[in-house]
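Working notes, structure below.
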Amino acid sequence: MEEKLTYEAAWTELTAISKEIENETISVDDLAEKVKRASELIAFCQGRLRATETEVGRIIDGMENQQL
């Protein structure tokens, strides 16, 4: 059973991939696969951030409407 990906896990994996690429410790054979995975993780993190921003906005709007 696949565990649900969290923002923190995605960020940690993305950071590890980034360090491998920056330090040139990744083999040429694995580079394309790692870059593809990094792009998937970036898209996931961006989506989570947008969803969180939307939800926080709704909560704040609800709080402001209650104070009226």
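The values are calculated or read from the model by the stated rules, or taken from the named source; none is laboratory data. Keep in mind that this is a model prediction, so the values were computed, not measured. Counting neighbours? That spans all protein chains shown, and the Cβs are built from the backbone with ideal geometry, glycine included. Areas reflect the complete protein model, heavy atoms only, side chains present, ligands, DNA and RNA absent. Shrake-Rupley method; radii C 1.70, N 1.55, O 1.52, S 1.80 Å.
Find all pairs meeting these conditions: Cβ atoms under 7 angstrom apart; at least six residues apart or on different chains; first residue within segment 31-57 and touching a residue at least 24 places away in the same chain (Cβ under 8 Å); second residue open to solvent by 70 Å² or more (accessible area, probe 1.4 Å) and not acidic (Asp, Glu).
45/11
In segment 1-41, what residues are over 30 Å from residue 53 (Cα atoms), open to solvent by less than 80 Å² (accessible area, probe 1.4 Å) and not hydrophobic (A, V, I, L, M, F, W, C)?
20, 27, 30
Inside segment 42-51, can you point out the residues that are farther than 11 Å from residue 10 by Cα and open to solvent by less than 70 Å² (accessible area, probe 1.4 Å)?
Of everything in segment 42-51, those that are farther than 11 Å from residue 10 by Cα and open to solvent by less than 70 Å² (accessible area, probe 1.4 Å) turn out to be 47, 51.
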